[in-house]
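The structure that follows is given in the form of structure tokens.
Bear in mind these aren't lab numbers, they're just calculated from the coordinates by the rules spelled out. All values derive from a computational prediction rather than experimental measurement. Here Cβ is always computed from backbone atoms with ideal geometry, including for glycine, and neighbour counts include all displayed protein chains.
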Amino acid sequence: MAGEQPAYRRVADQLRRLILSGELAEGTRLPSLREIATQYGVAVSIATRALDVLRADGLVMARPGAGTYVRRFERIVRSSPGRLARDHWGGGAAIQDHDTGPRVRAVDIVIGDAPASAFVAEALGIEPGTPVLTRSRRFVVEGRAVQLSTSYLPRELTRGTRIEHTDAGEGGTYARLAEQGLALTHFTERIVGRSPLPEEASALDLLADGARILEITRLAYAEDRCVEVNRMVLDSDAYELTYSFPS
């Protein structure tokens, strides 16, 4: 029938309801794949895909040799504009500290060079193809990959500074720019929802079928000059975005 829900989605949705209602509580061991398949009248392969969906949603986790257990992932609250306030990073804290607080977090960082795309070049006021410094990061919170982020900065602002290192020091890149007299004054962000590219789905451990991400493009300005372009890809199921505005 046209529009009929795939079997694995139907099973995943029914298990999700049990988890969200509390009937399957935190720490509860789920039935085996064979038991789930029998209970819902589907093949084991369908039950496997259903659990894959729940894992991608942060509702369950697999323990090798022990089974699959309910584990609710508390969404990360990304609060703007507070997370970008100078009082925060100017005091030596990382922006991610504002988002995740004391939660266990790991960051993989790769520093490199890349030719500026047309968009990056226009934003930074340079010619397309001009080499820029890239800082690519993969954020993992409580064992779950939640965000990819790549910053693009003019080489004239980064050469010979700690921005070229994986550890940019207290306060990160923004504090290092401020030390050069380029204290950030304002930001703009553009947010779109879309399906992940294959490499993004792989890096975030997302299912290619049905997964959604939030792409956030942030421009950081020191007065009228854009000094950084940051392109972020967030697992939409891992985040809650909140905003405060003056009236």
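Tell me, what ³J(HN,Hα) does each residue in the range 40-55 have, in order and in whole Hz, if you take phi through Karplus 6.51 cos²θ - 1.76 cosθ + 1.60 with θ = phi - 60° and put x for Gly and Pro?
So the Karplus estimates, Gly and Pro as x, are 9, x, 10, 6, 4, 4, 5, 4, 4, 5, 4, 5, 4, 5, 5, 5 Hz.
Hey, another quick one. With the crude spin-label approximation of a point 7 Å out along Cα→Cβ, what separation in nm comes out for Asp224 versus Glu4?
According to this spin-label approximation, the distance is 6.4 nm.
How high is the FRET efficiency from Glu240 to Glu127, r the C-beta distance, R0 51 Å, rounded to 0.05?
0.80
Still on this model: State log₁₀ I(q)/I(0) for the chain at q = 0.07, 0.09, 0.11, 0.17 Å⁻¹ as given by the Debye formula over alpha-carbon point scatterers of equal weight, solvent excluded.
The computed values of log10 I(q)/I(0) come out as -0.31, -0.49, -0.68, -1.26.
Mind checking the full-extension length gain between Leu207 and Thr185? Use 0.36 nm per residue of separation minus the Cα-Cα distance, one decimal, nm.
Answer, rounded to one decimal: 4.1 nm.
For the range 144-150, what does the Karplus curve 6.51 cos²θ - 1.76 cosθ + 1.60, with θ = phi - 60°, yield as ³J(HN,Hα) per residue in whole Hz, taken in order and with x for Gly and Pro?
10, 6, 10, 7, 10, 8, 10
Which distance in nm do the two modelled labels at Arg103 and Glu26 give, with both placed 7 Å along the Cα-to-Cβ direction?
Result for the modelled spin labels: 1.2 nm.
Just subtract the alpha-carbon distance of Thr48 and Ser136 from 0.36 nm times their residue separation and send over the number in nm, one decimal.
28.4 nm
Between Arg162 and Arg17, what length comes free when the chain is fully extended (0.36 nm per residue of separation minus the Cα-Cα distance, one decimal in nm)?
That pair, Arg162 and Arg17, stretches by 47.4 nm at full extension.
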